[in-house]
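Peer 1: Before anything else, here's the structure in question.
The values are calculated or read from the model by the stated rules, or taken from the named source; none is laboratory data. This one's a predicted model, so the numbers in the text were calculated from it and none came from an experiment. With ideal geometry, Cβ positions are generated from the backbone for all residues, glycine too; neighbour counts draw on all protein chains shown. Ligands, DNA and RNA are stripped out before the accessible areas are found, and what is left, the full protein with its side chains, is counted by its heavy atoms. Shrake-Rupley method; radii C 1.70, N 1.55, O 1.52, S 1.80 Å.
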Amino acid sequence: MRTDLAVIGAGPAGLAAALAAAARGLRVTVLDSAPAPGGQFHRQPAPGLAAHRPRLPHDRGRGWRWLRDALAASDVTVLTDHHVWVVEHGFTVHALLGPEQRESVAVRAEAVLLATGGYEKVLPFPGWTLPGVVAAGGAQAMLKGGLVVPGRRAVVAGTGPLLLPVATGLAAAGVVVPALVEAADPAAFLRHRRALAAKLPEGAGYAARLLRHRVRFLARHTVVRAHGGRALTGVTVAALDSGGHVRPGTGRYIPCDTLAVGHGMVPHTDLAETLGCRLAGAAVRVDDEQRTDVPGVWAAGEATGIGGAALALAEGHIAGRSVAARLRGTAPDPSTWARAAGTRARLREFARALDAVYAPPAHWAEQVPDGTVVCRCEEVTAGAVREAARDLGAGDPRTVKLLTRAGMGWCQGRMCAPAVAGIAGCEPAPSRRPFARPVPLGVLARQHRDATATDDATGEGAGEATDEGTEEGPS
Amino acid sequence: MNPQEPARARPGPAFTLTFDGREIAAVPGQTVAAALWAAGATSWRTTRRAGRPRGVFCGIGVCFDCLVTVNGSPNQRACLVPARPGDVVRTQEGTGHED
């Protein structure tokens, strides 16, 4: 399959970009791993559930209806259940067909837009691997997409703006939420009140809903332990002092069967890294047109920095217009998207303020006991990570990984990388994963075979040959 | 309260699948993980080393904690795989392979 622009990710950034580019005459194909477009923010109940009021109180539906209707009226091709695992230069987008993921198809494109979003960061504490402890965004995703909850009594904890809709969403779905445990210090909000002022009404709305559902808001608190044998039975929460230390003697036990916990978001940069795009910190670096430093590759939304759905829409819109102009060989006129650029500037400033306000406890790493598992896949403890750093001289996450296997399992360190770096006392490093998700060996073997077969037939180089070999998708 | 109520979901007829030999009900549109949560189960895997129970963690297919054996195939992500009538879902012990 051939297209002008391949957009990876059907969340707000990807859809806004696709619509802007398609409106300017480009053939656009959007690939997304989910069964339906929308991304995490606009995740809808599965069609089979036939939800007549899919808009739960935690999801403002206006933006989604606009995107959905615009998409339906456009010529954009949306390929759902397509798990993109690599983008080759030139460009060929390879995607596994889900959920089985045993076959791969390829889409050839003149330009690529990475709108891969982000995923949640969860820092470890004793008991965090117990069944019943789930990522806050995971609980929300299961609720939005499957209309299910993991238990009857859920504590929501960690830090970040996501915790508010998770707590109110669970409560509205009938779960008792005894507490929202937020590490952030209310004083920090005051320091950034000017940048955050625009969101005050939204914050007030959440406060009212928390009150209505009798959710106790514990600011400057943290979960120090999750209790249970084979499943969660409760958590101990404690107050933090102004330096981010747990205040001795403040621990209190809250019985619960669910803990929804999250400590912020991490940009999804695997595809960008494989393409060689330069990062800025943990995010893909882009210019004013949302171009990465690799020609032909744009990026928008949370892959370029965590900032929420409205920012993603603005960035996606600008990216789509830039692609449309650049593929025609003309330089775009930024004055035509001045409004989106203004929104982008304002919301990026807002995101920076949020980032400064919402932070995990400063000393979280010291509070993880040696016996606590840090790498959930390989079951590597904090003690083993510390030993690698202290006794074996590992000074970076990669060396820690080689010594301990932390980050070597199924998730390839996506869950534990920030924790391993923090506990080892080293800077987080780009992961440099060659593929964005696990790929069956049979799929890789077929790519090679198809490339070789085409080589033999045409006598051309393998780089040329791959497109024909894989265009139809291996059978 | 069933969270389907505030969403006014009217799914198609429920069907059954089995989880470790026990019959559980699921509705169209649910993933295996959603069906298991709705049936009150939160763990369906034991880890390879310590044999500890695990279930859904990230809920979006990234963490691989919710691996489960479906119809004899181990290592299926329960949060991604749709539940189908007659599915035989089993707790995955370790790698899920005889070894």
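Peer 1: Hey, which of the helices (runs of 4 or more DSSP H) in region A:362-431, taking only ones fully inside, have at least 1 residues that are surrounded by fewer than 16 Cβ atoms within 10 Å (Cβ to Cβ)?
Peer 2: Ranges flagged: A:382-390, A:397-404.
Peer 1: What number of residues in region A:289-309 are more than 22 Å from A:D4 (Cβ to Cβ) and open to solvent by 50 Å² or more (accessible area, probe 1.4 Å)?
Peer 2: 1
Peer 1: Same structure, new question: Looking at region A:255-274, which of the residues that are part of a strand (DSSP E or B) and under 18 Å from A:A429 (Cβ atoms) is least open to solvent (accessible area, probe 1.4 Å)?
Peer 2: Looking at residues that are part of a strand (DSSP E or B) and under 18 Å from A:A429 (Cβ atoms), I get A:P267.
Peer 1: Just a yes or no: is a residue in region A:261-284 hydrophobic (A, V, I, L, M, F, W, C), closer than 30 Å to A:R153 by Cβ and without any contact (Cβ under 8 Å) to a residue 24 or more places away in the chain?
Peer 2: Start the filter on region A:261-284 by keeping residues that are hydrophobic (A, V, I, L, M, F, W, C), which leaves A:261, A:265-266, A:271-272, A:275, A:277, A:279-280, A:282-284.
Okay, now just the ones that are also closer than 30 Å to A:R153 by Cβ, so A:261, A:265-266.
From the residues that got through so far, the ones that are without any contact (Cβ under 8 Å) to a residue 24 or more places away in the chain too are none.
Among the residues of region A:261-284, not one is hydrophobic (A, V, I, L, M, F, W, C), closer than 30 Å to A:R153 by Cβ and without any contact (Cβ under 8 Å) to a residue 24 or more places away in the chain, which makes the answer no.
Peer 1: Quick one: A:E100 ticks every box in (1) in contact (Cβ under 8 Å) with a residue 40 or more places away in the chain; (2) of a type outside the set (S, T, Y); (3) within 14 Å of another protein chain (Cβ to nearest Cβ) bar one, so which box is it?
Peer 2: Among (1) in contact (Cβ under 8 Å) with a residue 40 or more places away in the chain; (2) of a type outside the set (S, T, Y); (3) within 14 Å of another protein chain (Cβ to nearest Cβ), A:E100 violates only (1).
Peer 1: Still on this structure: Which of the residues belonging to region A:372-416 are charged (D, E, K, R) and away from chain B (no Cβ under 11 Å)?
Peer 2: A:R386, A:E387, A:R390, A:D391, A:D396, A:R398, A:K401 - these are the residues of region A:372-416 that are charged (D, E, K, R) and away from chain B (no Cβ under 11 Å).
Peer 1: Here are the criteria: (1) buried (at least 24 other Cβ atoms within 10 Å of the Cβ); (2) touching a residue at least 60 places away in the same chain (Cβ under 8 Å). Tell me which single one A:M142 does not satisfy.
Peer 2: All conditions are met except number (2).
Peer 1: While we're on this one: Using beta carbons and a limit of 9 Å, which pairs, at least six apart or on different chains, have the first residue in region A:19-39 and among the acidic types (D, E) and the second one crowded, with 24+ Cβ neighbours inside 10 Å and in a helix (DSSP H, G or I)?
Peer 2: The qualifying pairs are A:D32/A:G14.
Peer 1: With the checklist (1) within 7 Å of chain A (Cβ to nearest Cβ); (2) surrounded by 22 or more Cβ atoms within 10 Å (Cβ to Cβ) in hand, flag the one item B:P6 doesn't pass.
Peer 2: Checking B:P6 against (1) within 7 Å of chain A (Cβ to nearest Cβ); (2) surrounded by 22 or more Cβ atoms within 10 Å (Cβ to Cβ), the one that fails is (2).
Peer 1: Is it the case that region A:31-49 has a residue that's of a type in the set (D, E) and in contact with a Leu (Cβ under 9 Å, 6 or more places away or on another chain)?
Peer 2: yes
Peer 1: Also: Might you check whether a residue that is open to solvent by less than 50 Å² (accessible area, probe 1.4 Å), free of Cβ contacts under 8 Å to residues at least 60 places away in the same chain and touching a Cys at 6+ places or on another chain (Cβ under 7 Å) occurs anywhere in region A:240-254?
Peer 2: Checked against the condition, which is being open to solvent by less than 50 Å² (accessible area, probe 1.4 Å), free of Cβ contacts under 8 Å to residues at least 60 places away in the same chain and touching a Cys at 6+ places or on another chain (Cβ under 7 Å), region A:240-254 yields no hits at all.
Peer 1: Search region A:86-97 for residues being open to solvent by 10 Å² or more (accessible area, probe 1.4 Å) and out of contact with any Asp or Glu (no Cβ under 7 Å at 6 or more places or on another chain), and hand back the single one that is nearest to the other protein chains (Cβ to nearest Cβ).
Peer 2: Checked region A:86-97; the qualifying residue nearest to the other protein chains (Cβ to nearest Cβ) is A:V86.
Peer 1: Taking region A:170-185 on its own, how many of its residues are more than 12 Å from every other protein chain (Cβ to nearest Cβ), surrounded by fewer than 24 Cβ atoms within 10 Å (Cβ to Cβ) and not charged (D, E, K, R)?
Peer 2: 3
Peer 1: Let me ask another. Could you list, in sequence order, the residues of region B:9-27 that are part of a loop (DSSP other than H, G, I, E, B) and more than 8 Å from chain A (Cβ to nearest Cβ)?
Peer 2: Filtering region B:9-27 down to residues part of a loop (DSSP other than H, G, I, E, B) leaves B:10-14, B:20-21, B:27.
Correct list: B:P13, B:A14, B:D20, B:G21.
Peer 1: Would you check which residues across region A:275-288 are among the small types (G, A, S) and open to solvent by 40 Å² or more (accessible area, probe 1.4 Å) and list them?
Peer 2: Within region A:275-288, A:G276, A:A280, A:G281, A:A282 qualify.
Peer 1: If a residue must be in contact (Cβ under 8 Å) with a residue 24 or more places away in the chain and farther than 22 Å from B:Q76 by Cβ, how many such residues does region A:434-449 contain?
Peer 2: Counting residues in region A:434-449 that are in contact (Cβ under 8 Å) with a residue 24 or more places away in the chain and farther than 22 Å from B:Q76 by Cβ gives 2.
Peer 1: A further question follows. Taking region B:30-60 on its own, how many of its residues are within 7 Å of chain A (Cβ to nearest Cβ), in contact with a Lys or Arg (Cβ under 7 Å, 6 or more places away or on another chain) and open to solvent by 10 Å² or more (accessible area, probe 1.4 Å)?
Peer 2: Total meeting the criteria: 1.
Peer 1: Here's another thing I want to ask about it. Could you say whether any residue in region A:188-206 is away from chain B (no Cβ under 14 Å), modelled with pLDDT under 95 and open to solvent by less than 10 Å² (accessible area, probe 1.4 Å)?
Peer 2: yes
Peer 1: Can you pull out the residues in region B:67-80 that are open to solvent by less than 10 Å² (accessible area, probe 1.4 Å) and within 9 Å of chain A (Cβ to nearest Cβ)?
Peer 2: B:L67
Peer 1: Okay, moving on. Counting only residues that are part of a helix (DSSP H, G or I) and open to solvent by less than 10 Å² (accessible area, probe 1.4 Å), how many does region A:17-39 have?
Peer 2: 4
Peer 1: Moving on to the next point. Filter region A:214-239 down to the residues that are of a type in the set (K, R) and part of a strand (DSSP E or B), then identify the one that is surrounded by the most Cβ atoms within 10 Å (Cβ to Cβ).
Peer 2: A:R225
Peer 1: On to the next question. Can you name the residue in region A:145-169 that is over 20 Å from A:G234 (Cβ atoms) and open to solvent by 20 Å² or more (accessible area, probe 1.4 Å) and is also nearest to the other protein chains (Cβ to nearest Cβ) among such residues? Break it down into steps so the answer makes sense when it comes.
Peer 2: Taking region A:145-169 as the starting set, the residues that turn out to be over 20 Å from A:G234 (Cβ atoms) are A:145-148, A:159-162, A:164-165, A:168-169.
Those left that are additionally open to solvent by 20 Å² or more (accessible area, probe 1.4 Å): A:161-162, A:164.
Details: A:P161: 18, A:L162: 13, A:L164: 18 Å.
Per the criteria, the residue is A:L162.
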